[in-house]
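Below is one structure, written out as C-alpha cells; the observations come after it.
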Amino acid sequence: MKNIKAGIIGSGFAARFHFDALKRVYSVNLEVVGAFSGNSKKLDEFTTARGIQSFGSLQALIEAADVLHVCTPPVTHEQIAVEVLKQGKHVIIEKPFTGYFGDGSADFNGDTFSRIEGLHMAKESVQRMLQAEKESTGAIMYAENWVYAPAIQKEKEVIEKTGAQILWIQAQQSHSGSHSLDYGQWRLSGGGSLMGKGAHPITAALYLKQVEGLKRKGVAIRPRKVSAVTHALTRMPGYINEGHLRTGYKDVEDFASVHIVFEDGTVADIIASELLHGGVKNYVEVHANNHRTICNIAPNNAMQTYNPVEANFDEVYVVEKTGSKQGWSFISPDEAWFNGYQHEMESFYRSAAFGDAIESNSQLAADVITTIYTAYVSAEKRGAAVNISLAE
C-alpha cells in the first residue's frame, strides 16, 4: 500500500470531522503529520487531543504533507489553495469553495453591495484557483460530502444503469444555524443560507445532472439559468425570538429559494435556511422519466428511539442539532457514514495514490459557486431569471 502524509489546516469543527474521517481511510497507509492554525491556543488543543504535531507555519505543514486539508473560513480558501498548489501538493477544500467577501473596507455591508460585482469577483477567485491547478502537479478535491453520501452514490448507480433522464430535482438543507462563529458576517462567510447551506443541495443537483449527461451523451449537463429569492427573517423587526433558533446574523440572509434550469431544459428547486427546529433536513428527491428516488441524508429512519426522560440520554449522541432528546428521535447510528465523510476521503486518497478520477472536482466546485452568486444577482432583481456564465 502507498504511504501518504496528510496535513490539516484549521482547528475547528471542519478540522475535527476531517480528522475523524481520515481514520476510516483504508486504501493507503495514511499518516496525519499534524495541523496548522492561526489560532495557536485552539491549534494546540486540537493537536494534543489527537496526538499529532502543531506546526508553526503553513509553509512548514505544506512541506511535510502530500495532501493538505483546507478546513478554514471560506474567505481564506483561495489564498491557501493557491499556495498549496504552487508546491505541487494536492488540496482538499472544504465547502464553500470560495466566494466574494467584500472590498476590505471597515464599513462593508453584505446587505447593500452590488450582487453583480460580487458575482464578478467570485468568478475571478474561481478562475485563479482553476489556473493554479492547471499549473500544478497537485489537484483540487472539493470536499462536498453530499456527492459521496451513500444515498447519492446509489442514485448515481440507478441513473447510470437505467439510462434515466432527470426531469426535476427537489433538494434542501435546513438547520437551526451554523456551527461556525464566523457564519453570519458576509466578509467572513461570503453569504448566508444560500452560500452556507445551499452549497450542499446545489452541488448534489449539479452532480446528478452531470452523471446523467456523461452516461447518456458523454458530456456533463450543466446549469444555464437561475432565479432566486432570499430573506433575513430572524432580522425582521417583528421577529419574536423564543430562543430556539440561532440569531445574531449581521448582514446575511437566513432563507433562500432557488430555481435552476439546466441546458437541457430540466430543472431543480433548492431550499436553504436556518429556520428548522428538531435537527436538520438534508434531502435530495429525484424525479426522472423512469423512476423517483428520495435520498434522506438526514434525518433518516435507519434507527428510531423513544426516550421518556431527557436526562437518560445526556451521554448519548442522537443526531445533529436536535433541540431535545426526549420523546421519539431519528437517532443516527453512524451519522458520518450517512453524510458521506469517510467515503469522500477514501475516494480522494485513492485519487492521490492511484490516479482515480475525482468526482467532486474543481469544475463542479466552480459551477456551484458561479450558480450561487448568479442566484444572488437574481435575488437582487427580485427573482428575475438570470443566465449563468460558467467558468471554464
Notebook entry, point to check: In the list Phe36, Phe55, which residue meets the criterion of being within 30 Å of Gly110 (Cα to Cα) and buried (at least 22 other Cβ atoms within 10 Å of the Cβ)?
Noted result: Phe36
Note to self: Going by what's in this entry, would Gly118 be described as in contact with a strand residue (DSSP E or B) (Cβ under 6 Å, 6 or more places away or on another chain), at negative phi and buried (at least 19 other Cβ atoms within 10 Å of the Cβ)?
What the structure shows: no
Note to self: List pairs: first residue in region 192-220 and charged (D, E, K, R), second residue modelled with pLDDT of 95 or more and part of a helix (DSSP H, G or I) anywhere in the structure, Cβ distance under 6 angstrom, at least six positions apart or on different chains.
What the structure shows: Glu212/Ile159; Lys215/Glu160
Next item on the list: Select from region 121-145 the residues that are touching a Phe, Trp or Tyr at 6+ places or on another chain (Cβ under 7 Å) and surrounded by fewer than 21 Cβ atoms within 10 Å (Cβ to Cβ) and list them in ascending order.
Entry: Met121
Next item on the list: With the condition kept exactly as written, say whether any residue in region 308-318 is more than 30 Å from Lys154 (Cα to Cα), free of Cβ contacts under 8 Å to residues at least 12 places away in the same chain and small (Gly, Ala, Ser).
Entry: yes
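Return yes when Ala21 is closer than 24 Å to Asn3 by Cα, touching a residue at least 24 places away in the same chain (Cβ under 8 Å) and in contact with a strand residue (DSSP E or B) (Cβ under 6 Å, 6 or more places away or on another chain) and no when it is not.
Numbers: closer than 24 Å to Asn3 by Cα: yes; touching a residue at least 24 places away in the same chain (Cβ under 8 Å): yes; in contact with a strand residue (DSSP E or B) (Cβ under 6 Å, 6 or more places away or on another chain): no.
Against the criterion (closer than 24 Å to Asn3 by Cα, touching a residue at least 24 places away in the same chain (Cβ under 8 Å) and in contact with a strand residue (DSSP E or B) (Cβ under 6 Å, 6 or more places away or on another chain)), Ala21 does not qualify.
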Check: Hey, does region 60-71 have a residue that's surrounded by 23 or more Cβ atoms within 10 Å (Cβ to Cβ), under 20 Å from the mean Cα position of the chain (by Cα), modelled with pLDDT of 95 or more and in a loop (DSSP other than H, G, I, E, B)?
Finding: yes
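Select from region 80-106 the residues that are among the basic types (Lys, Arg) and touching an Asp or Glu at 6+ places or on another chain (Cβ under 7 Å) and write down the one among them that is nearest to Ile202 (Cα to Cα). Break it down into steps so the answer makes sense when it comes.
The first filter runs over region 80-106 and keeps only residues among the basic types (Lys, Arg), leaving 86, 89, 95.
Remaining after also requiring touching an Asp or Glu at 6+ places or on another chain (Cβ under 7 Å): 89, 95.
Details: Lys89: 28, Lys95: 12 Å.
Among those residues, the one meeting the criterion is Lys95.
When you look at Ala205, is it part of a helix (DSSP H, G or I), touching a Cys at 6+ places or on another chain (Cβ under 6 Å) and either buried (at least 24 other Cβ atoms within 10 Å of the Cβ) or small (Gly, Ala, Ser) (or both), yes or no?
Values: part of a helix (DSSP H, G or I): yes; touching a Cys at 6+ places or on another chain (Cβ under 6 Å): no; either buried (at least 24 other Cβ atoms within 10 Å of the Cβ) or small (Gly, Ala, Ser) (or both): yes.
Taking the combined requirement at face value, the residue does not satisfy it.
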Note to self: Exactly one of these conditions fails for Gln173: (1) surrounded by fewer than 24 Cβ atoms within 10 Å (Cβ to Cβ); (2) on the phi < 0 side of the Ramachandran plot; (3) in contact (Cβ under 8 Å) with a residue 60 or more places away in the chain. Give me its number.
What the structure shows: (1)
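Yes/no matrix, rows are residues, columns are (1) under 21 Å from the mean Cα position of the chain (by Cα); (2) without any contact (Cβ under 8 Å) to a residue 40 or more places away in the chain; (3) assigned to a helix (DSSP H, G or I); (4) assigned by TED's automatic domain parsing to the domain that holds Phe36:
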| position | (1), (2), (3), (4) |
| --- | --- |
| Ala81 | yes, no, yes, yes |
| Tyr100 | yes, no, no, yes |
| Asn109 | no, no, no, yes |
| Gly118 | yes, no, yes, yes |
Checklist line | Single unsatisfied condition, Ala353 versus (1) surrounded by fewer than 20 Cβ atoms within 10 Å (Cβ to Cβ); (2) assigned to a loop (DSSP other than H, G, I, E, B) | finding: (2)
Next item on the list: Just one of (1) modelled with pLDDT under 95; (2) in a strand (DSSP E or B); (3) among the polar types (S, T, N, Q) trips up Ser180, so point out which.
Entry: (2)
Notebook entry, point to check: Has region 233-254 got at least one residue that is aliphatic (A, V, I, L, M) and under 18 Å from Val319 (Cβ atoms)?
Noted result: yes
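A quick yes/no check of all residues on (1) at pLDDT 95 or above; (2) more than 27 Å from Ala21 (Cβ to Cβ); (3) touching a Lys or Arg at 6+ places or on another chain (Cβ under 6 Å):
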{"residue": "Cys295", "(1), (2), (3)": "yes, no, no"}
{"residue": "Gln304", "(1), (2), (3)": "no, no, no"}
{"residue": "Asp334", "(1), (2), (3)": "no, no, no"}
{"residue": "Ser347", "(1), (2), (3)": "yes, no, no"}
{"residue": "Ala352", "(1), (2), (3)": "yes, no, no"}
{"residue": "Ile369", "(1), (2), (3)": "yes, no, no"}
{"residue": "Val377", "(1), (2), (3)": "yes, yes, yes"}
{"residue": "Arg382", "(1), (2), (3)": "yes, yes, no"}
{"residue": "Val386", "(1), (2), (3)": "yes, yes, no"}
Notebook entry, point to check: in contact with a Leu (Cβ under 9 Å, 6 or more places away or on another chain), among the small types (Gly, Ala, Ser) and not assigned by TED's automatic domain parsing to the domain that holds Ala353, is that true of Gly138?
Noted result: yes
Notebook entry, point to check: What number goes with the only condition from (1) outside any strand (DSSP E or B); (2) buried (at least 21 other Cβ atoms within 10 Å of the Cβ); (3) assigned by TED's automatic domain parsing to the domain that holds Gly12 that Thr76 does not pass?
Noted result: (2)
Checklist line | One residue from Lys197, Lys154 being out of contact with any helix residue (DSSP H, G or I) (no Cβ under 6 Å at 6 or more places or on another chain), basic (Lys, Arg) and crowded, with 24+ Cβ neighbours inside 10 Å | finding: Lys197
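The values are calculated or read from the model by the stated rules, or taken from the named source; none is laboratory data. This structure is a prediction, so every number in the text was calculated from the model and none was measured. In this analysis, Cβ positions are derived from the backbone assuming ideal geometry, glycine residues included, and neighbour counts consider all displayed protein chains.
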